[in-house]
Amino acid sequence: VVPWLEGRYRETESEGLREALEAYMTLKACPACGGTRYKREVLSVRVGQFNIAEVSNLPVREAKQFFQAVAHNHLVEVGEKLKPFRIPLEGLAEPLEYRDLNEFQVQVAAPIWREIYSRLGFLEDVGLDYLTLDRAANTLSGGEAQRIRLATQVGSGLTGVLYVLDEPSIGLHPRDNQRLLSTLKKLRDLGNTLLVVEHDEETMREADWIVDMGPGAGVHGGEVVAEGTLDDIVNHPKSLTGAYLRGSKHIP
């Protein structure tokens, strides 16, 4: 029975049948690699205290601290978590120091370090510094997946692209909103166009151009009520959005 079930699971194109067969399965870590998916030889290589699986198990903010520490030779002791550094550094503005590496190793490590550090910075900028690097893609929310794609695009340096974003601020803590907006502006300043569907006031106030759809929601909408700069919307007599932005309407 077991080989037959395994064969059906591998061969079927039906998502429903695959889900039904998964009811007979248990997910558990491989005893050889401990669930890391790396060979023993790979796991034996360490930078500072960590092998690649242990680095991948860190949240983005702590992984960024770790790579910062590696570059500046301030490796920290590891208990439950990375401890904060005694020496705060101003990101990439500081000169890189590889005191433990020879000249050849520095040539190999420096560009890799810059790529990793900048990508971790992009993830931090879009408010995803709490995610671990080994997080499975199918466990991410729609907003998290969208912001990861956004961070990837900032790093790609593409120009002349139209990006359409559907409420990127959803689920984001207000303190991270400004970092997200800075990321969107970086994309714009590279020479791209961003069309953002959003209900967030802070996003509207930072926009170059606003298109106010209405006059109501759902079947009661579908018309362009007003469009223009923030001042145009605020001063438009028929714009419900403008009424809230100028403060004549508010939600208690």
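Quick note: the coordinates plus some simple rules give every number you see, no bench work behind them. Being a predicted model, the structure only gives us computed values, none of them experimental. Note that each Cβ is placed from the backbone with ideal geometry, even for glycine, and that neighbours are counted across all protein chains shown.
Remarks
- Amide proton proximity set for A226, modelled H, under 5 Å, gap of 5+: D212
- Rel. contact order, % - alpha carbon contacts under 8 angstrom, at least six apart, region 165-220: 39 percent
- Shape call, region 210-252: gyration tensor on alpha carbons, a/c limit 1.5: oblate
- Prolate/oblate/rounded label for region 102-252 (Cα gyration tensor, a/c 1.5): prolate
- The Cβ shell under 14 Å around R188 holds other residues with a net charge of -1, Lys and Arg each +1, Asp and Glu each -1.
- Summed side-chain charge close to D125 - residues other than D125 whose Cβ falls under 10 Å, Lys, Arg +1, Asp, Glu -1: 0
- Protection proxy ranking, highest mean first, for peptides 211-218, 165-172: 165-172, 211-218, where packing is the per-residue count of other beta-carbon atoms within 10 Å, averaged.
- For L240, net neighbour charge (Lys/Arg +1, Asp/Glu -1) across residues whose Cβ lies under 15 Å away: -2
- Using C-alpha pairs below 8 Å separated by at least 6 residues, the relative contact order for the chain is 11 percent.
- Note on the chain: GNM, Cα springs under 10 Å; of A71, A109, A63, the largest mean-square fluctuation is that of A109.
- Cα gyration tensor, the chain - rounded (a/c under 1.5), prolate or oblate: oblate
- Taking the inverse of the mean 1/r over every pair of distinct Cα atoms in region 178-252 gives a Kirkwood hydrodynamic radius of 13.3 Å.
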